[in-house]
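Novice: Could you have a look at this structure, given as structure tokens, before my questions?
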Amino acid sequence: MAIIIKNEEDIAGMRLAGRLASEVLDFITPYVQPGISTGEIDRLCHEFMVNVQGTIPAPLNYCPPGYTPYPKAICTSVNDVICHGIPGDKVLKNGDVLNIDITVIKNGYHGDTSRMFYIGAPSILAKRLTEVTYECMWLGIQKVKPGATLGDIGSAIQLHAEKAGYSVVREFCGHGIGKGFHEEPQILHYGKPNSGPKLQAGMIFTIEPMINAGRREIREMSDGWTIKTRDRSLSAQWEHTVLVTEHGYEVLTVSAGSPPPPAFVKPVEHAAAETAAA
Ligand code: MF3
Ligand code: CO
Ligand code: CO
């Protein structure tokens, strides 16, 4: 299987799916407060996707080889959960940090995005880890342009995370996305500059670094999905779906409620991306 280069029709479909995925996060934001359970967050998102958006929650019954079918519509990863937390009875309390990861399918196309949420007031560590991870994602995004390599993306993320004293999870990565949920290529969040496959206009993939406050090793829970840090340190993740344009990149998972990029993100690259998109 090779990397699929998307045509204009695909790109239009992916822009819509990307915006809708981001709008699920906008919708759920006011509900993410102390006292709500992750199961209730799932129920609200699921209902919004199906009944308001007319989208399909891609995680529900998703079953890659070696896995049991994923039982819920979204992933909710709290504190030391790195990814794939299954929504359930867990009630959120002041000081928790939560990643909500949404993947919708609209007209056959997938949009995949996640954000971090503070429950009440975060600890200094949780806030710094969350902010550094957001910067990591955007440093990776800023490397995206034709001719750059996948190693350029991974290395930018790894350098920033490790400079802050944090570690990059190795077992999970970003991925090509389109009519498939997980397509080629794999987007590692670590690596060496100027190494690996070169990017071409029309590729679409996610950048979704998982950064641990402590060591990078993971533990798999017996539910077959939930991944935690082995040392029980906090973990954070952000995710966008990104198109390689003629001049740079276009982030597809944007909506009215998207958090703004960090101040270091160059407006000129955005202008180039938007011109290419027009
Ligand atoms: N949304 C996740 C990703 O970013 C994948 C979740 S698979 C699930 O790739 F089955 F756990 F939902
Ligand atoms: Co993804
Ligand atoms: Co995701």
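Novice: Kindly rank 108-121, 59-72 from highest to lowest mean number of other beta carbons found within 10 Å of each residue. Write down the numbers at each step before the final one.
Specialist: On the way: 108-121: 21.1, 59-72: 13.4.
Taking the mean over residues of other Cβ atoms within 10 Å, the ranking is 108-121, 59-72.
Novice: Let me ask something else. If each of GLU217 and LYS127 carries a label point 7 Å out from its Cα toward its Cβ, how far apart are those two points in nm?
Specialist: 3.2
Novice: When the Debye formula is applied to the Cα atoms of the chain, each taken as the same point scatterer, what base-10 log of I(q)/I(0) results at q = 0.09 Å⁻¹?
Specialist: -0.37
Novice: Next up: Please give the charge dipole size of region 37-117, origin at the Cα centre, charges +1 on K and R Cβ atoms and -1 on D and E Cβ atoms. Round to the nearest 20 debye. Kindly include the intermediate steps, with their values, before the conclusion.
Specialist: On the way: 6 positive and 8 negative charges, 22 e Å.
Around 100 debye, computed over region 37-117.
Novice: Now, a different point. First check a/c for region 156-241, with a ≥ b ≥ c the square roots of the eigenvalues of its C-alpha gyration tensor; if it is under 1.5, answer rounded, and if not, answer prolate when a/b is larger than b/c or oblate otherwise.
Specialist: Working: a/c = 2.51, a/b = 1.35, b/c = 1.86.
Oblate.
Novice: Same structure again: Subtract the Cα-Cα distance of LEU159 and VAL50 from 0.36 nm times their separation in residues, and report this length gain in nm to one decimal.
Specialist: Working: separation 109, 0.36 × 109 = 39.24 nm, distance 4.00 nm.
Once the chain is fully extended between LEU159 and VAL50, it gains 35.2 nm.
Novice: Rg and Dmax in Å for region 132-278, alpha carbons only: what are they?
Specialist: According to the Cα coordinates of region 132-278, Rg and Dmax are 15.3, 48 Å.
Novice: Let me ask you something else. Quick one: compute the contact order of region 8-277, relative version, from alpha carbon pairs under 8 angstrom and 6+ residues apart, as a percent.
Specialist: On the way: 682 pairs, mean separation 57.8, N = 270.
Computed value for region 8-277: 21 percent relative contact order.
Novice: With charges only on Cβ, +1 for K and R and -1 for D and E, what is the dipole size of region 8-277 about its Cα centre, in debye, rounded to 20? Walk me through the numbers on the way to the answer.
Specialist: Details: 24 positive and 30 negative charges, 138 e Å.
Around 660 debye, computed over region 8-277.
Novice: Mean Kyte-Doolittle hydropathy of -0.5 or higher plus an axial Cα length of 24 Å or more: which whole DSSP H helices in the chain meet both?
Specialist: On the way: long enough: 8-28 (31 Å, 0.31); 124-142 (27 Å, 0.42).
Flagged H segments are 8-28, 124-142.
Novice: Hey, another quick one. Does a label point 7 Å from the Cα of TYR118, set along Cα-to-beta-carbon, have any residues of region 81-97 with amide nitrogen under 17 Å, and which are they?
Specialist: Only 93-97 fall inside the zone, counting backbone N under 17 Å.
Novice: I would also like to ask the following. Ranked from highest to lowest mean number of other Cβ atoms within 10 Å per residue, what is the order of the peptides 202-209, 148-155, 217-224? Intermediate values should be presented prior to the final figure.
Specialist: Numbers: 202-209: 25.2, 148-155: 22.6, 217-224: 12.9.
Final packing ranking: 202-209, 148-155, 217-224.
Novice: Now, a different point. Residues of region 8-277: accessible area per residue at 1.4 Å, in Å²? Please list the in-between numbers first.
Specialist: Details: 11250 Å² over 270 residues.
Accessible area per residue, region 8-277: 42 Å².
Novice: Reachable aspartates and glutamates from LYS192, Cα under 16 Å, same-chain residues fewer than 8 places away excluded?
Specialist: By straight Cα distance, LYS192 reaches ASP152, GLU162.
Novice: Report the label-to-label distance for ASN107 and CYS63 in nanometres (one decimal), using points 7 Å from each Cα along the Cα→Cβ vector.
Specialist: About 3.0 nm separates the two model spin labels.
Novice: Now a separate question. Over region 62-157, consider all pairs of different Cα atoms and compute the Kirkwood hydrodynamic radius from their mean reciprocal separation; express it in Å, one decimal. Each step should come with its number before you reach the end.
Specialist: Values: mean 1/r = 0.0639 Å⁻¹.
Computed over region 62-157, the radius equals 15.7 Å.
Novice: Once every DSSP H run of n ≥ 4 in the chain is given -39500 (n - 2.57) and the sum is divided by its residues, what mean residue ellipticity at 222 nm do you get, rounded to the nearest 500 deg cm²/dmol?
Specialist: Details: 5 runs with 75 residues, N = 278.
Taken over the chain, the calculation gives -9000 deg cm²/dmol.
Novice: Sort the following peptides by mean Cβ neighbour count (other Cβ atoms within 10 Å, averaged over residues), highest first: 191-199, 10-18.
Specialist: Packing order, densest peptide first, comes out as 10-18, 191-199.
The values are calculated or read from the model by the stated rules, or taken from the named source; none is laboratory data. Just so we're clear, the structure is a prediction, and the values are computed from it rather than from any experiment. Cβ sites come from the backbone with ideal geometry, for glycine too, and all protein chains shown count toward neighbours. Surface areas here come from the heavy atoms of the whole protein model, side chains and all, with no ligands, DNA or RNA. Shrake-Rupley method; radii C 1.70, N 1.55, O 1.52, S 1.80 Å.
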